[in-house]
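Have a look at this one.
The values are calculated or read from the model by the stated rules, or taken from the named source; none is laboratory data. Quantities reported herein were computed from a predicted structural model and do not represent experimental measurements. When we count neighbours, we look across all protein chains shown, and the Cβ atoms used for this are built from the backbone with ideal geometry, even at glycine.
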Amino acid sequence: MQATRNLVGIVVFAAAVHADLPAQQLSAQQGFVVQQENPNRPPWAQKNKSADAAAKPTAKADSSDAAQDRGKIKVTVNLVNVLVSVLDEHNRPAPDLPVEAFQLFDEDNPQAIAVFEKETEQPLDLALMIDASLSAQLSMPAQRDAATHFIQQVLRKGDRLAVYSVDENVTQLAAFSDNVGHLQEVVRRIPAGAGTSIYDAVLLGARALSRQGADRRRVIILVSDGGETTSRADFDSARREAVRTNTLLYTVVIRTMKSESGRNTAGEHALETITDTTGGAVFYPDSSAQLDSIFDRINKELRTQYRLGYYPNPRGPADAYRRIAVTVTAPAAAPAQASPGSPDATQPGSANTDAAKAQPPVYSVRHRKSYYTGLP
């Protein structure tokens, strides 16, 4: 198995499992042994626990699998890769910015950008995770239609996608592949479930993506009503695993009730936090009819991401999480030169004067907020 460099994005509809395993329930396969006191509560409302006892899942695996996983995690971080989405004031991707427009910081220390790619060509591994709980069944026909269209759109040469259902368990229904027809057929046949295991989906999806190979983007696309009810893992475990594996999360929250009164919003707030930490985005469609346009936006963003790479200086300690910050400033425009016979640039009303008064574009930037340095 290849040594991995953490870089990938995630699409969350369900949790992930080994790509070469048949469809099965991940919760049973992974062997979770610790449960939350009350999964309906947000993590900060749980009773006090030790740092690692809070619903930390433990996977049952044979010695060879454990050795492979240790080989992937036990890597000294050299080059740190950061996927960056840059949007203009109209929330559209801003392409073709030069490297000089980007400023990158590691623990507030400015970093030299060693790798810079516009519209990175790194292939995608996507985990498409669909909430199949009873509460999500009303919008399921629209979810299926939008998801099948997205599969057709997003997969390009070298990309792979897996399909998961998320209910009281996280089940892989289709292994990672580029077989569009098969993946679409699996989405059309997602069976109904009961509960919703959002934290399990994020955690297991990130683990499955991390096993797919190096030099690939890892993305989870999760479509859910946001009502966390049955996870064995907790918020902190899910977020740490997404950061550790450098998985990008996009979340589409379908609210059956628009008012927060009477709605379980703990899962929504947790997804917002995890998604922001990974550099992804959360979408709240007003109706299921908007799902197609949301998937289009996700596809366009994935195809216009910048890739920045740097060697941390100073280098951080092993087995630690380090903060990343990226800012983007508009390149300075060259002053316009007045052509012979044209009005003087300093005269009121001239085109040059109007241009000088124009404000530079303001960009919004999304990227992962931290990375894991690896074991010594």
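Among (1) outside any strand (DSSP E or B); (2) within 15 Å of the chain's Cα centre (by Cα), which single condition is Arg307 missing?
Single failed check for Arg307: (1).
A follow-up question, please. Can you tell me which of Gln111, Gln152 is closer than 19 Å to Phe295 by Cα and not small (Gly, Ala, Ser)? Break it down into steps so the answer makes sense when it comes.
Details: Gln111 fails: closer than 19 Å to Phe295 by Cα.
On inspection, the qualifying residue turns out to be Gln152.
Let's see how each residue does on (1) within 23 Å of Thr373 (Cβ to Cβ); (2) surrounded by fewer than 22 Cβ atoms within 10 Å (Cβ to Cβ):
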| site | (1), (2) |
| --- | --- |
| Arg217 | yes, no |
| Ser224 | no, no |
| Ser231 | no, no |
| Val253 | no, yes |
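Which number in (1) within 20 Å of the chain's Cα centre (by Cα); (2) not assigned by TED's automatic domain parsing to the domain that holds Ser288 marks the one condition that Leu124 misses?
Only one criterion is unmet by Leu124, namely (2).
Mind telling me which of the residues Leu134, Leu173 ends up being in contact with a Gly (Cβ under 8 Å, 6 or more places away or on another chain), within 20 Å of Thr230 (Cα to Cα) and of a type outside the set (Ser, Thr, Tyr)? Break it down stepwise before answering.
Numbers: Leu173 fails: in contact with a Gly (Cβ under 8 Å, 6 or more places away or on another chain).
Of the residues listed, the single one that is in contact with a Gly (Cβ under 8 Å, 6 or more places away or on another chain), within 20 Å of Thr230 (Cα to Cα) and of a type outside the set (Ser, Thr, Tyr) is Leu134.
Which of the residues belonging to region 291-328 are assigned by TED's automatic domain parsing to the domain that holds His367 and in contact with a helix residue (DSSP H, G or I) (Cβ under 6 Å, 6 or more places away or on another chain)?
Correct list: Val328 only.
Every residue in region 152-170 that is farther than 19 Å from Thr230 by Cβ and buried (at least 24 other Cβ atoms within 10 Å of the Cβ), please. Give the steps one after another, and end with the answer.
Narrowing region 152-170 to residues farther than 19 Å from Thr230 by Cβ: 152-163.
Answer for region 152-170, where residues must be farther than 19 Å from Thr230 by Cβ and buried (at least 24 other Cβ atoms within 10 Å of the Cβ): Leu161, Ala162, Val163.
Whether any residue in region 101-116 is surrounded by 15 or more Cβ atoms within 10 Å (Cβ to Cβ), part of a helix (DSSP H, G or I) and in the same structural domain as Asp215 (by TED's automatic domain parsing) is what I want to check.
The answer is no; no qualifying residue exists.
If Ser177 satisfies every condition in (1) modelled with pLDDT of 95 or more; (2) surrounded by 19 or more Cβ atoms within 10 Å (Cβ to Cβ) but one, which is the exception?
(2)
Do we have any residue at all in region 216-224 that's touching a residue at least 40 places away in the same chain (Cβ under 8 Å) and farther than 28 Å from Leu155 by Cα? Break it down stepwise before answering.
Filtering region 216-224 down to residues touching a residue at least 40 places away in the same chain (Cβ under 8 Å) leaves 216-224.
If we keep only those that are farther than 28 Å from Leu155 by Cα too, we end up with none.
No - not one qualifying residue is present in region 216-224.
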